[in-house]
2 protein chains.
Amino acid sequence: MSPSASEAKVERARSVFSALGDETRMGLVARLSSGGPQSIAQLTTRTDLTRQAITKHLDVLAGAGLVKDSRRGRERIWELDPTRLTEAGRTLDQISRRWDEALDRLRKFVED
Amino acid sequence: MSPSASEAKVERARSVFSALGDETRMGLVARLSSGGPQSIAQLTTRTDLTRQAITKHLDVLAGAGLVKDSRRGRERIWELDPTRLTEAGRTLDQISRRWDEALDRLRKFVED
DNA sequence: CTTAAACGCAACTTCAGGGTTGCATTTCAA
DNA sequence: TTGAAATGCAACCCTGAAGTTGCGTTTAAG
C-alpha cells in the first residue's frame, strides 16, 4: 500500500475517533447499535439534551461516515453504518503491530 | 460479563478515542509506534508546536493509558503502551457485531 | 565551576465545540 | 381543514481544550 493511502486511512480513523470521543455520540452509536434504526425524536428521549443538540451530534457522526439517514414521511431515520467502525479497529491493530516490530528492532539494536 | 464491566470497557474505549481524535496526538502515537521510545525534545522536532504543547498532549495520552514515561537523566522518555489500543479495537468489533445482530432481528420482525 | 540542555510549573489568551432558544416548514391525523 | 408532531435553520452563549510566554529547576558536559 502506498504511504499516502495509509495516511488517508489513518486520517479516516482519526475522524472516527474524534466522533466517538464524545460521550453523547458514543451513547447514540450504542443505542443505534442495539436498538436499530431510529428517528431523531426517538433518539432524543431518555436524554437531558435538546433535539437540536442530538441533530448536531448525528451530523458529526455522519461526517465521520458512522451513520446514514433516510426519510420516512416527516421523520428522519438514522442507522449505523459499521464500515468505518471496523476499518478504524483494524487501523488500531496495525499501529500496535508496528509498535511490536519497533520493539523487536530496539532489542536487536541493544544486543549489538 | 456484567453490564457495569461492559460499560466500563466502553468508557475506557471512549477515553482512548477522545485522546486519538486529535491530529497532533495521533501523530505522536504514530511516531512512537514506528520510532520507538523518545524524549519530549525529540518528539517536538519536526513540529510547529512548543515543547509545552507536546507535553500537554503526552499527558492526555497518558491519561487514556496509551503511553507511559520513564526518566533517563534529565530526559523524560515516552513510549507506547498498546494494551488499551487493542482493547479499544475489540470494543469497536463488538459494537459492529451487535449491530449485525440487531439487523437480523429487524429482518425477522419485518418478515412476520 | 560554569554553561547550556531538558524539563516542570503556572498564568494567560484564543477559539471551536457543545448547547440552547426562537421561529419557519413539512407532514400526519382526526 | 386544522392542529400537532417532526424536523430545518440560524443566531447566540459559554466553557474548556489547545497553545503560548515567562521563569525556575535539575542535570549533563566541557
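Suppose we keep only residues that are of a type in the set (S, T, N, Q), without any contact (Cβ under 8 Å) to a residue 40 or more places away in the chain and assigned to a helix (DSSP H, G or I) within the stretch A:1-35. Which one would you say is farthest from B:Ala19 (Cα to Cα)?
A:Ser34
So, in the stretch A:36-91, exactly how many residues are among the hydroxyl-bearing types (Ser, Thr, Tyr), more than 23 Å from B:Glu101 (Cβ to Cβ) and free of Cβ contacts under 8 Å to residues at least 24 places away in the same chain?
Residues that pass the stated criteria total 4.
Being facing chain B (nearest Cβ under 9 Å) and among the β-branched types (Val, Ile, Thr) narrows it down to one residue among A:Val29, A:Val60; which is it?
A:Val29
Residue-wise test of (1) within 16 Å of DNA strand C (Cβ to nearest atom); (2) more than 18 Å from the chain's Cα centre (by Cα); (3) not basic (Lys, Arg).
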site	(1), (2), (3)
A:Ala30	yes, no, yes
A:Thr50	yes, yes, yes
A:Ile54	yes, no, yes
A:Ser96	no, yes, yes
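Looking at B:Arg46, B:Arg71, can you tell me which residue is away from every other protein chain (no Cβ under 14 Å), under 18 Å from B:Met26 (Cβ atoms), within 16 Å of DNA strand C (Cβ to nearest atom) and of a type in the set (Lys, Arg)?
So the residue among B:Arg46, B:Arg71 that is away from every other protein chain (no Cβ under 14 Å), under 18 Å from B:Met26 (Cβ atoms), within 16 Å of DNA strand C (Cβ to nearest atom) and of a type in the set (Lys, Arg) is B:Arg46.
Going through B:Gly21, B:Gly89 one at a time, which residue ends up being of a type outside the set (Ser, Thr, Tyr), within 11 Å of DNA strand C (Cβ to nearest atom), within 11 Å of chain A (Cβ to nearest Cβ) and closer than 17 Å to A:Arg90 by Cα?
B:Gly21
State whether the residues of the stretch B:66-75 include one that is buried (at least 19 other Cβ atoms within 10 Å of the Cβ) and closer than 23 Å to A:Asp93 by Cβ.
The answer is yes, given that some residue of the stretch B:66-75 is buried (at least 19 other Cβ atoms within 10 Å of the Cβ) and closer than 23 Å to A:Asp93 by Cβ.
Quick one: is B:Gly35 at pLDDT 95 or above and not aliphatic (A, V, I, L, M)?
In short, no.
The values are calculated or read from the model by the stated rules, or taken from the named source; none is laboratory data. Since this is a predicted model, take the numbers as computed values, not measurements. All Cβ positions, glycine included, derive from the backbone under ideal geometry; neighbour counts span all protein chains shown.
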